[in-house]
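Here the structure is laid out as structure tokens; the discussion comes afterwards.
Bear in mind these aren't lab numbers, they're just calculated from the coordinates by the rules spelled out. All of these numbers come straight from a predicted model, not from anything done at the bench. Ideal geometry is used to build each Cβ from the backbone, glycine not excepted, and the neighbour counts take in all protein chains shown.
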DNA sequence: CCCTGTCATACCCGGCAGGTATCACAGAGG
DNA sequence: CCTCTGTGATACCTGCCGGGTATGACAGGG
């Protein structure tokens, strides 16, 4: 009676996101009528109206908005359960659980720290196998939530640690990366205001799930693209100190005085109870 | 293909907890054969063996243990979604969402703080209705997780804040509550060791989901029972300072020097995005 | 060797998820 | 005013699958 099958959740999420039964049905690979009926049944079972049918499209009610948020979390938890269970497959014999951990890392960030962590952990006596999973901009959170990853390196304040357990690993300042020839590159230090409003160097806009924030800067989704655009004198970027590791000859790094410090954490789902994970965290905090 | 219906999850959880298909089926209100078949299908779909059938009972494989933990979280998230959506029902008109928040509080704890919080919040201009939900020993965590509550007052280190967002509200020391006539009641202060091993006053054992930890003390599930047993000179209890509010004449409170301080937090699910909740938290942190 | 407890198999049935065809209705144009 | 289009709802049918009952297979205990 108060069950909420995942199928129903999937259906509702599709409709709530598309705000259109036809498109939602197509996305789900089914016909529109059964989808309509399923949503009606869902509303009846919950005793709540979720959608306002406006004869010209659909909009969410208050309850619908709640179910959109909570349902996302529930679906993520469910697929996470499936994925992590699959991954634990074959690990039957209690003698050698042959655990494998998936570690999500923002591509090309924290190179040095990651290297040290992997080396130190590999030296542990009962080290599990670690699979490093490169993730897009701020994607580590989703990866932890939906089970693609078991543990992640995150960077506050860019990533939100909400809902995860975490330990602090490292704090660093931020630098502006400028074209070597630019006038500002001669400064000893800069402020955020100095670099956020340079007329000839608009800040680049990072891809996030294929979309870009509005603004004048170039659209990028890749560190190499960015590096190249800076080298060409087309843009400027703000990065943590450790980005110095991949600077080109055509780049100049200038410390920012008022940028918030970047804190690298190791984070994992709060309910995790894995021995291998505990070992990795212990290793990380000892670095 | 990688869906994991909630029905399957419910079935597996039952079997994993009972470790017995017959009893699990009974608990689920169904016959045993379809349950067996459902679990087999689940194992085939996941491509993973979850249970070891020992011809004499059943035990979990490694993957089964993982699914037991992750599945619990997923099921909680799903029922939470259903409950919170139901509760948001009728809140259709964006003009007046008539939000109601459910606040879980350990019964009889933090009386004074709770009173101040409710008063202060009620004075806010756009205050939602607050339903106070008394919870058993350390039950607030489950209530937040499975959606029975939206926000809770928790007491570290007794409650675990893992997986929730929280703000610290208050820190207090702990006291021993003794029968007024007892020799130890004459002391100015005591240590934990002093009260944990009094031969004639064994520490009481609190009910937790109907079961009791082992030990010599009396079994209780209610503050009034405890108060009475102390008054009768049968037991001693350790409580935060604020418990002085409900002491009887026959009780004596003695501060404990080495007991860890109790920190009261207001905590909520990390993904919450409710305006009413935000208002309550703002009010709470300003107290 | 039989009895008991336990899970798997065999087989049947009814309900419901899903498909197709169609309706009802609101807006846009003419 | 009528028609055409896009939308979600309704009607009806069908096949699958979830669930039930009966029974089998097998390990332990007496």
Item to check | Candidates A:106, A:116, A:188: whichever shows maximal mean-square fluctuation once chain A is modelled as a Gaussian network with Cα springs under 10 Å | outcome: A:188
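Expressed as a whole percent, how much of the Cα-Cα distance distribution for chain A exceeds 28 Å? Walk me through the numbers before you get to the answer.
Working: 21751 of 41041 pairs.
Tail of the P(r) past 28 Å holds 53 percent of the pairs.
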Item to check | Alpha carbon centroid spacing (whole Å) that separates the range A:212-287 from the range B:225-254 | outcome: 55
Checklist entry - How high is the relative contact order of the range B:181-265, in percent, counting Cα pairs under 8 Å that sit 6 or more residues apart? => result 37
Item to check | Calculated FRET efficiency for the pair residue A:17/residue B:189, C-beta based, R₀ 60 Å, to 0.05 | outcome: 0.50
Item to check | Cα radius of gyration and Dmax for the range B:192-259 (Å) | outcome: 11.9, 32
Checklist outcome for this item: Checked the range B:37-143 with the C-alpha gyration tensor, a ≥ b ≥ c its square-rooted eigenvalues, rounded below a/c of 1.5, otherwise prolate if a/b is larger than b/c and oblate if not; verdict oblate
Checklist outcome for this item: Rh (Kirkwood, all Cα-Cα pairs) for the range A:20-93, Å, reads 14.6
Next on the checklist: For chain B, take the longest principal axis of its alpha carbons; what is the angle in degrees between that and the long axis of helix B:6-18, to the nearest 10 within 0 to 90?
Outcome noted: 60
Checklist entry - Shortest first, in nm, what separates the label point of residue A:187 from those of the same position in the other copies (7 Å along Cα→Cβ)? => result 6.3
Checklist entry - Pairing the Cα long axis of helix B:275-286 with the longest principal axis of chain B, what angle in degrees results, from 0 to 90 and rounded to the nearest 10? => result 30
Item to check | Stokes-Einstein D (µm²/s) once Rh is taken as the Kirkwood radius of the range B:53-92 over alpha-carbon pairs, at 10 °C in 1.306 mPa s | outcome: 126
Item to check | A from B by rotation - nearest chain B beta carbon to the axis, in Å | outcome: B:77, 2
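Which translational diffusion coefficient, to the nearest whole µm²/s, is obtained for the protein assembly as shown from the Stokes-Einstein equation, given a Kirkwood hydrodynamic radius over C-alpha pairs, 37 °C and 0.692 mPa s? Working shown, then result.
Numbers: Rh = 27.5 Å.
It comes out at roughly 119 µm²/s.
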Next on the checklist: Helix A:62-87 against the longest principal axis of chain A: what's the angle in degrees, Cα atoms only, rounded to the nearest 10?
Outcome noted: 80
Checklist entry - Percent relative contact order of the range B:190-238, based on C-alpha pairs within less than 8 angstrom and at least six residues apart? => result 37
Next on the checklist: Ratio of alpha-carbon Rg to the 2.2 N^0.38 Å globular estimate for the range B:158-215, to two decimals, please.
Outcome noted: 1.54
Item to check | Net length gained if the chain between residue B:122 and residue B:234 were fully extended (0.36 nm per residue, minus Cα distance) | outcome: 36.1 nm
Next on the checklist: Going 7 Å from Cα along the Cα-Cβ axis for the label, what nanometre distances separate residue B:244 from the same residue across the other copies?
Outcome noted: 5.5
Checklist entry - Given the C-alpha centroids of the range A:187-201 and the range A:3-76, what is the distance between them in whole angstrom? => result 47
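How large is Rg over Rh for the range B:95-144, taking Rg from the Cα atoms and Rh as the Kirkwood inverse mean of 1/r across Cα pairs? Can you show the working numbers first?
Details: Rg = 12.2 Å, Rh = 12.0 Å.
Value, to two decimals: 1.02.
In deg cm²/dmol, rounded to 500, what helix-only [θ] at 222 nm does the protein assembly as shown give when every DSSP H run of at least 4 residues adds -39500 (n - 2.57) and the total is split over its residues? Write out the running numbers ahead of the final one.
Values: 18 runs with 212 residues, N = 574.
So the helix-based figure for the protein assembly as shown works out to -11500 deg cm²/dmol.
Output the relative contact order of chain B, whole-number percent, from Cα pairs under 8 angstrom with separation of 6+ residues.
In percent, rounded to a whole number, it is 20.
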Next on the checklist: List, shortest first and in nm to one decimal, how far the label point of residue B:54 (7 Å from Cα along Cα→Cβ) is from its counterparts in the other copies.
Outcome noted: 6.1
Item to check | Relative compactness, the range B:8-48, computed as alpha-carbon Rg over 2.2 N^0.38 Å | outcome: 1.04
Next on the checklist: Let me check I have the definition right: for the range A:235-286, take the eigenvalues of the Cα gyration tensor, multiply each by 5, take square roots. What are those semi-axes in whole Å, largest first?
Outcome noted: 34, 13, 10
